[in-house]
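Visitor: Here it is, the structure, as structure tokens.
The values are calculated or read from the model by the stated rules, or taken from the named source; none is laboratory data. Note that the coordinates shown come from a computational prediction; the quantities given were computed from them, not determined experimentally. Heads up, the Cβs are rebuilt from the backbone with ideal geometry, glycines too, and the neighbour counts pull from every protein chain shown. The accessibility values were calculated without ligands, DNA or RNA, using every heavy atom of the protein model including side chains. Shrake-Rupley method; radii C 1.70, N 1.55, O 1.52, S 1.80 Å.
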Amino acid sequence: MKKSILKVVQHDLEQDAAPAVEVCGFHAWHEDAHILNDINLAFQEYKINCVLGPSGGGKSTLIRCINRINDEIEGFTFKGEIHFGGRNIYDKSVDVTRLRTEIGMVFQKPSVFPKSICENVLFGIQHLKKLSKAARLQMLEEKLKAVSLWREVSHRLNDTASSLSVGQQQRLCIARTLAVEPKVILLDEPTSSLDPVSARAIEDLMLELKQQYTIVFVTHNIQQAKRIADHAIFVCGGRIIEQGPARRFFTHPEQPQTKSYLNEEFCDC
Amino acid sequence: MNRELLNKCFMLATWGAVAISCFILLALVSVITWNGAAALNFSFLFTAARRFGMAGGILYQIIGSLLMIAGASLICLPLALGTAISKSEYLKSRRIRKLCTALIYGLNGIPSVIFGIFGLIFFVNTLNTGISWFVGSIILAIMILPTVVLATYQSVNSIPKIYRESALTLGLSKWQVIWRVVLPQGIAGSLTGLLLGLARAVGETAPIMFIATAFSGVDIPGTLFEPVVTLPTHILALAQQATAPQALQNAWGASLVLLSLVTLFSVTALFSRMKLRTISQR
Amino acid sequence: MSASYSKVGKSYVMVTAFISTGIIFLIVAVLLMNSWSAITQVGWQLLTLKWNPAAGEYGILSMLYGSFTVTFCALVIALPLGLLSAIFVSEVLPGRYRFYVKSLLELLAGIPSIIYGLLGVAFLSVWIGHLFDLQSGRTILSAGILLAVMIMPTIITLSDDALQNVPNKYREAANGLGLTKYEVLKSAVLPIAKADIIGACLLALGRALGKTMAVMLVIGGIDRIPSPFFNVLNPGQTITSKLGREISETAFGSVHFSAMILMGMILLVVVLILTVVAQHCFNPEHRLYE
């Protein structure tokens with residue numbers, strides 16, 4: 001009896017965690033295609049929020065709306081609001097470039113610039129503030145340690161970044177994002193182009209980073225989501241089918257589509 | 001704050017540059033059209049020039065230009081087709097192909113006046129052909145050769161290997177494969193390239209003004225080795241007498257006709273290229 | 001039967017290829033042979049400023065200087081305008097207009113040189129003459145401005161191609177880090193497009209050097225370096241304008257003729273070098289990314 005009360009209390013506590021980002025009544029179109037349909041969700045602060053679902057379901061579009069990088073796409077229109085830091089990020093008064101320093105993004109394919117490793121890490125931050133040589137070194141060490149690359153590259157910081165393996169390149173991209181010191185990190189299927197060992201390394205990294213950052217992690221790999229998610233959101237056909245704390249989501253899904261997706265990886269949305 | 005300002009200044013600069021560029025280029029075309037239209041009428045297009053171009057029309061100039069580029073097409077096409085096919089079908093060594101490409105690109109960069117003096121020395125003097133419209137055609141053909149070769153090569157190269165291999169497995173010889181599979185596609189590409197090349201060739205003055213054209217007293221040539229009058233050289237002569245208003249007006253008229261020819265070739269080439277692209281995408 | 005067809009076919013193809021690639025050697029050889037007598041008979045005297053065939057003086061430096069100055073003026077005007085316009089077309093202009101803009105630029109690049117010459121004679125040189133209160137508007141500056149307008153479409157279209165070749169993922173990554181559009185261009189896009197843009201500029205430079213008709217009509221045809229040397233409001237003479245004006249009246253085979261061919265030879269060599277270097281810039285093997 002006591003155990004079940006404890007479980008209920010824990011459940012309530014999980015649900016009351018502060019939302020870092022809230023999406024309210026959000027729709028998105030590309031040309032005439034209705035990609036996102038009435039999205040309502042909250043990403044929990046200092047947790048790993050996993051966005052799950054089949055390919056083409058709108059997961060990428062959703063998170064790309066959160067740092068407004070879809071603004072650059074022609075033919076993109078939307079309706080609704082996304083709240084971050086007490087404001088609607090699509091408000092006219094919001095400075096998009098500042099928003100993107102607070103909500104960082106890591107893409108599916110590692111996009112290291114054709115520059116050296118240290119230039120890559122410092123690429124974003126050096127436009128924001130002038131760093132002394134000492135501060136730069138400190139930043140490099142701190143962020144590269146945070147992504148467990150420091151030991152591997154500390155002796156060759158001036159080598160070109162493309163000499164790293166794909167897995168290392170992706171970690172470098174994460175370090176580059178961390179250097180800007182965002183509050184939220186969006187990751188769009190970051191391990192899709194990586195081998196299983198590198199993918200695991202990234203997953204372990206996420207478990208460490210969530211102590212300081214809010215993580216939004218898009219994946220179509222259910223096992224991966226089971227391993228790392230604190231909060232799960234199932235997106236299919238442009239709609240939120242189900243969302244909730246991970247433990248309950250994976251063990252007792254409520255919606256039939258969720259059940260069939262988790263069991264057979266099939267969803268007929 | 002400083003970053004915002006820098007960004008805004010830069011964007012303003014690009015808008016400004018585009019505005020200036022657009023203005024200049026639009027002004028150009030309007031001026032030519034406006035002045036040219038004033039000079040154009042039926043008799044202008046279809047009568048011969050008189051009094052060194054101060055009066056009369058440009059009939060023989062038009063004929064002369066068209067004649068020369070017809071000759072250039074006839075010479076250039078077979079050369080270009082053969083070259084492109086050799087590059088894609090026969091030359092297997094990568095280094096030789098690169099050398100070939102480099103030499104042809106080099107030919108493309110040569111200034112037109114150099115072609116002119118080459119023609120003057122080699123044909124008019126050394127081979128003693130005299131001032132001849134046919135020599136002009138040859139020089140123009142050489143000038144547009146790289147363009148046509150490149151266009152032909154691109155269309156021939158885009159034929160998927162599978163077609164060639166299927167034909168070969170059916171027992172066709174290499175040349176039969178070329179004749180039936182490669183050449184038809186290649187001809188389409190070469191025609192597109194030819195149109196592009198002709199758009200350039202019809203407007204060129206420097207290559208032909210020493211070797212193929214006279215200024216007046218010429219109508220339709222009887223043999224291959226006589227001079228002609230052409231539109232660009234006519235405009236040149238009139239421009240050198242720019243103080244006489246009638247000469248100037250006739251110059252504008254001839255310019256408009258020339259520009260129309262160039263545009264006609266360019267636009268046709270554009271459509272042809274688009275059509276080719278949709279065919280190869282099927 | 002088909003074997004003999006194959007043989008005929010193959011020899012046709014090889015012969016045409018040989019001709020096409022050999023022509024450039026023929027041209028260089030012909031020019032070299034005909035400039036030989038100038039080199040041997042006049043020698044170092046060629047590198048002087050006085051051009052007076054009647055007195056046996058064949059100094060070609062004034063023409064070389066003229067070509068250099070006119071091209072320099074043209075590039076100073078056309079490069080900034082052209083590059084900024086290319087950045088606009090590639091990065092700011094919405095995608096649906098690109099086709100029309102590119103086609104328009106191609107048509108503009110095709111306007112014959114002689115028509116620009118006519119425009120220069122009828123308008124530009126008159127304006128420059130009035131603006132700077134000169135005796136004649138036929139100056140180095142007029143030629144430079146005309147040349148700038150002629151090469152701008154080429155610069156715009158080639159630079160735009162260079163920018164479009166930069167994969168979008170770099171723009172996205174830089175955008176995602178919160179950089180302004182200017183910073184994205186400066187730090188992420190332009191460094192990658194740099195090689196192609198330099199190639200484009202070199203090609204434009206080569207074309208500018210070789211333009212004859214427009215320059216010939218507005219430069220004034222005076223075989224002298226302006227005084228002072230940077231005064232672009234004086235008339236001058238370039239290699240191309242000299243050749244265009246006088247070659248047909250020069251006695252074939254004379255030293256006079258040979259000296260002029262030598263100038264043409266120098267022009268040819270410079271343009272060929274520029275073309276080769278530009279092609280090297282465009283070489284995809286030099287792309288360091290991906």
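Visitor: Just to be sure I understand the rule: take each whole DSSP H helix in chain C, project its Cα atoms onto its long axis, keep it if the span is 24 Å or more and its mean Kyte-Doolittle hydropathy is at least 1.0. Which ones pass?
Guide: Those that clear 24 Å and a mean of 1.0 are C:2-42, C:61-87, C:140-164, C:190-210, C:255-282.
Visitor: Just the accessible area for B:LEU66, please: 1.4 Å probe, Å², rounded to the nearest 10?
Guide: Accessible area of B:LEU66: about 80 Å².
Visitor: Set the Förster radius R0 to 22 Å, insert the Cβ-Cβ distance between A:ASN88 and A:GLN211 as r into 1/(1 + (r/R0)^6), and round the FRET efficiency to 0.05.
Guide: 0.20
Visitor: Separate question: Of A:LYS115/C:LYS169; A:LYS109/C:LYS169; A:LYS210/A:LYS259; A:LYS183/A:LYS210; A:LYS129/A:LYS210; A:LYS92/A:LYS210, which pairs sit farther than 19 Å apart, going by alpha carbon to alpha carbon?
Guide: Table pairs above 19 Å Cα-Cα are A:LYS210/A:LYS259; A:LYS129/A:LYS210; A:LYS92/A:LYS210.
Visitor: Calculate how many DSSP beta bridges within the protein assembly as shown are antiparallel, expressed in % of all such bridges and rounded to the nearest 5.
Guide: 60 percent
Visitor: In chain A, what % of DSSP beta bridges are antiparallel (nearest 5)?
Guide: Of the beta bridges lying entirely in chain A, close to 60 percent run antiparallel.
Visitor: Moving on. Filter the trypsin sites (Lys or Arg not before Pro) in the range B:63-137 to those in DSSP coil with at most 15 other Cβ atoms within 10 Å of their Cβ, and list the result.
Guide: B:LYS92
Visitor: If I model a spin label as a point 7 Å beyond the Cα along the Cα-Cβ vector, how far apart are those points for A:ARG247 and C:SER136 in nm?
Guide: 9.5 nm
Visitor: Let me ask you something else. Could you work out the relative contact order of chain C, using alpha carbon pairs under 8 angstrom and six or more residues apart, expressed as a whole percent?
Guide: For chain C, the relative contact order is 27 percent.
Visitor: Here's something else I'd like to know. Counting only C-alpha contacts under 8 Å and six or more residues apart, can you give the relative contact order of the range B:41-280 as a whole percent?
Guide: For the range B:41-280, the relative contact order is 27 percent.
Visitor: What distance in nm separates the simple spin-label points at B:ALA70 and B:ARG180, each placed 7 Å from Cα in the Cβ direction?
Guide: If labels sit at B:ALA70 and B:ARG180, their model points lie 3.6 nm apart.
Visitor: Using a 1.4 angstrom probe on the protein heavy atoms only, line up A:ARG151, B:ARG277, A:ARG64 by accessible area, largest first.
Guide: Largest to smallest exposure gives the sequence A:ARG151, B:ARG277, A:ARG64.
Visitor: Would you mind giving the mean number of other chain beta-carbons within 10 Å of the Cβ of each residue in C:168-175, as a whole number?
Guide: 6
Visitor: Something else: Using the Kyte-Doolittle scale, which helices in chain B average at least 1.0 and also have C-alpha atoms spread 18 Å or more along the helix axis, with helices defined as whole DSSP H runs?
Guide: Helices meeting the criterion: B:2-39, B:59-85, B:133-157, B:183-201.
Visitor: With a cut-off of 8 Å between alpha carbons and a minimum separation of six or more residues, what is the relative contact order of the range B:126-258 in percent?
Guide: It rounds to 33 percent for the range B:126-258.
Visitor: Another one. What are the radius of gyration and Dmax of the protein assembly as shown, computed over its Cα atoms and given in Å?
Guide: Just the Cα atoms of the protein assembly as shown yield Rg and Dmax of 33.5, 120 Å.
Visitor: Charges only on Cβ, +1 for Lys and Arg, -1 for Asp and Glu: so what's the dipole of the protein assembly as shown about the Cα centre, in debye to the nearest 20?
Guide: Here the protein assembly as shown has a charge dipole of around 1160 debye.
Visitor: Okay, moving on. What value, in deg cm²/dmol to 500, does the helix sum -39500 (n - 2.57) over DSSP H runs of n ≥ 4 give at 222 nm once divided by the residues of chain C?
Guide: -22000 deg cm²/dmol
Visitor: Using the beta-carbon distance between A:ARG156 and C:ILE198 and R0 = 25 Å, what value does 1/(1 + (r/R0)^6) give for FRET efficiency, to the nearest 0.05?
Guide: 0.30
Visitor: Further, regarding this structure: Per the helix-only calculation at 222 nm, which mean residue ellipticity applies to chain B, given -39500 (n - 2.57) for every DSSP H run of n ≥ 4 and division by its residues, nearest 500 deg cm²/dmol?
Guide: That calculation yields -24000 deg cm²/dmol at 222 nm.
Visitor: Continuing with the same structure: When only the heavy atoms of the protein chains count and the probe is 1.4 Å, how do A:GLU265, B:GLU226 rank by accessible area, highest first?
Guide: Sorted descending by solvent-accessible area, the residues read A:GLU265, B:GLU226.
Visitor: With a 1.4 Å probe and all protein chains in place, put A:GLU254, A:GLU142, A:GLU242 in order of accessible area, largest first.
Guide: Solvent-accessible surface, decreasing: A:GLU254, A:GLU142, A:GLU242.
Visitor: Mind grabbing the accessible area of B:HIS234 for me, 1.4 Å probe, Å², rounded to tens?
Guide: 10 Å²
Visitor: At 18 angstrom or more along the helix axis (alpha-carbon based) and mean Kyte-Doolittle of -0.5 or higher, what helices does chain A contain? Whole DSSP H runs only.
Guide: Membrane-span-like by this rule: A:166-179, A:196-209.
Visitor: Tell me, what is the 1.4 Å probe accessible area of C:VAL13, in Å² to the nearest 10?
Guide: Number for this one is 0 Å².
Visitor: Anything over 28 Å Cα to Cα? Flag those among A:LYS59/A:LYS145; B:LYS98/B:LYS161; A:LYS145/C:LYS194; B:LYS87/C:LYS7, in the order listed.
Guide: Long pairs (Cα-Cα over 28 Å): A:LYS59/A:LYS145; A:LYS145/C:LYS194.
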